[in-house]
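The values are calculated or read from the model by the stated rules, or taken from the named source; none is laboratory data. Predicted, not measured: the structure shown is a model, and the values here were computed from it. A quick note on method: Cβ atoms are made from the backbone with ideal geometry, for glycine too, and the neighbour counts reach across all protein chains shown. Surface accessibility is based on the protein's heavy atoms, side chains included, excluding ligands, DNA and RNA. Shrake-Rupley method; radii C 1.70, N 1.55, O 1.52, S 1.80 Å.
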Amino acid sequence: MKLQRKNRVRALAVGALAVSGALALTACGSDDTSGAGGGAAKPSNIKCEGKGKLLASGSSAQKNAMDVWVQAYSGACKGTEINYQPTGSGAGVTTFLQGQTAFAGSDSPLKPDEVKKSKQVCKGGQAIDLPMVGGPIAVGYNVPGADNLVLDAPTLSKIFNSEIKKWNDPAIKKLNPGAKLPDLKIQPFHRSDDSGTTDNFTKYLKAAGGWKHEPAKKWEGEGGQAASGSAGVSSQVKQTPGAISYFELSYATAGKVPTVKLNTGAKTPVDATVDNASKAISEAKQAGKGNDLALKLNYTTKAEGAYPITLVTNEIACDKGNKPETLAATKSFLTYVASKDGQSALKQLGYAPLPPEIADKVRKTVTTLS
């Protein structure tokens, strides 16, 4: 009887992956194993190891994915509680380097000084980047009457540096011939917290649009208004006429916020979609050494259908020197997250699953954590 119940709980956990983030959260504890699409839930391959409480924090970009992963894993592994706080990449890395969490989520690879500092926490080892979540950074806007808005990197750079101030500016009109652009003040919003999303967005602006500032997790642009987290900026765009900001596609989808098409130099402007982001991410190269799998993204791609404003969220963990009381559960959870089951949950949430060759490297590296 106990075995049947255990198998049924695991089936429920994986069934949750077949629905959207919101539905997945409401499905917790449900007896319905049919899934959103009507198909039967598959048995889970989650291997539960370790018990207790795992504390983690960081990237808000991966919050919606983490919600589903934690629900599925907790449903299968009753002895483990996972508490992930979406405090932002900068805060997550800081907390990890203080030894307060088992792992951190960051949308930017570790910097050399952060790796050096990690050696104080990772006894006999150091922190490494494990790519886990990919996806597009959408540019959401609220411009009444302006459907299918097209912008390019130079124009976005000027908008977010408060150099272009009205939606009917000639530069925007040139990119949108025939569109009815209102004489409306542009209200750019940026992140108030140190953010890997900001870092990746400004790397794109710098590489492709002549951004006047150095890319960083902390916003350096002039003017504009600030809000906390991806949820904060996306909410401001939805309720503020004339607003524009940057956030993960999942937030645009959930809030029904229209997103900009990018003129990248390809024949056709590119939509912010999971598939288009995957095309750009597939051009990424490994920048880390050894077990550090940090990726270098190509923000200037002009390939047809490749959406260049992307990010990859890394889980930050010690290669050696992880705390004995959390090591087994950390490896078990990250193994599930990088698995085919874990990655298959991402696309319907607005994220891009890792390319197979990268996911395979991540899975192998997780097994070596000690």
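Values for this structure:
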{"read-out": "Qualifying positions in the range 211-222 - touching a Ser or Thr at 6+ places or on another chain (Cβ under 6 Å) and touching a residue at least 40 places away in the same chain (Cβ under 8 Å)", "value": "Trp211, Lys217, Glu222"}
{"read-out": "Residue count for the range 83-93, restricted to those that are modelled with pLDDT of 95 or more and polar (S, T, N, Q)", "value": "2"}
{"read-out": "Ala24 among the hydrophobic types (A, V, I, L, M, F, W, C), at pLDDT 95 or above and either open to solvent by less than 20 Å² (accessible area, probe 1.4 Å) or in contact with a Pro (Cβ under 8 Å, 6 or more places away or on another chain) (or both)", "value": "no"}
{"read-out": "Test for Phe201: is it more than 22 Å from Ile281 (Cα to Cα) and in contact with a strand residue (DSSP E or B) (Cβ under 7 Å, 6 or more places away or on another chain)", "value": "no"}
{"read-out": "Candidate set from the range 237-278 (those that are buried (at least 17 other Cβ atoms within 10 Å of the Cβ), hydrophobic (A, V, I, L, M, F, W, C) and more than 15 Å from the chain's Cα centre (by Cα)); member that is nearest to Gln348 (Cα to Cα)", "value": "Val257"}
{"read-out": "Residues of the range 123-171 classified as in contact with a strand residue (DSSP E or B) (Cβ under 7 Å, 6 or more places away or on another chain), β-branched (Val, Ile, Thr) and at pLDDT 95 or above, total", "value": "5"}
{"read-out": "Single residue of the range 71-116 satisfying the filter (of a type in the set (Asp, Glu) and touching a Gly at 6+ places or on another chain (Cβ under 8 Å)) that is nearest to Lys51 (Cα to Cα)", "value": "Glu81"}
{"read-out": "Filter result for the condition that a residue is within 16 Å of the chain's Cα centre (by Cα) and charged (D, E, K, R), over Glu315, Glu357", "value": "Glu315"}
{"read-out": "Breaking point among (1) open to solvent by 10 Å² or more (accessible area, probe 1.4 Å); (2) at positive phi; (3) under 15 Å from the mean Cα position of the chain (by Cα), for Pro86", "value": "(2)"}
{"read-out": "Looking only at the range 111-144, and only at residues there that are assigned to a loop (DSSP other than H, G, I, E, B) and open to solvent by 60 Å² or more (accessible area, probe 1.4 Å), the one that is nearest to Leu175 (Cα to Cα)", "value": "Pro144"}
{"read-out": "Selection count, the range 179-231, where residues are crowded, with 19+ Cβ neighbours inside 10 Å, in a helix (DSSP H, G or I) and out of contact with any Gly (no Cβ under 7 Å at 6 or more places or on another chain)", "value": "13"}
{"read-out": "Qualifying residue in the range 165-173 (condition: surrounded by 19 or more Cβ atoms within 10 Å (Cβ to Cβ) and closer than 28 Å to Asp275 by Cα)", "value": "yes"}
{"read-out": "Residue among Thr253, Thr300 that alone is closer than 25 Å to Pro353 by Cα and modelled with pLDDT under 95", "value": "Thr253"}
{"read-out": "Those residues of the range 163-205 which are closer than 30 Å to Ser89 by Cβ and in contact (Cβ under 8 Å) with a residue 60 or more places away in the chain, in sequence order", "value": "Arg191, Asp193, Asp194, Ser195, Gly196, Thr197, Asp199, Asn200, Phe201, Lys203, Tyr204"}
{"read-out": "Elements of type helices (runs of 4 or more DSSP H) contained in the range 279-370, each with 1 or more residues being open to solvent by 20 Å² or more (accessible area, probe 1.4 Å) and within 26 Å of Gly90 (Cβ to Cβ)", "value": "324-338, 356-366"}
{"read-out": "Ser245 vs. criteria within 23 Å of Asn176 (Cα to Cα), touching a Gly at 6+ places or on another chain (Cβ under 7 Å) and hydroxyl-bearing (Ser, Thr, Tyr)", "value": "yes"}
{"read-out": "From the options Ala252, Ala266, residue that is closer than 21 Å to Leu175 by Cβ and assigned to a helix (DSSP H, G or I)", "value": "Ala252"}
{"read-out": "Verdict on Ala65 being part of a helix (DSSP H, G or I), closer than 30 Å to Thr310 by Cβ and modelled with pLDDT under 90", "value": "no"}
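A quick yes/no check of all residues on (1) open to solvent by less than 10 Å² (accessible area, probe 1.4 Å); (2) assigned to a loop (DSSP other than H, G, I, E, B); (3) over 22 Å from Lys218 (Cα atoms); (4) at pLDDT below 90:
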| residue | (1), (2), (3), (4) |
| --- | --- |
| Asp31 | no, yes, yes, yes |
| Lys53 | no, no, yes, no |
| Tyr73 | yes, no, yes, no |
| Glu81 | no, no, yes, no |
| Thr95 | no, no, no, no |
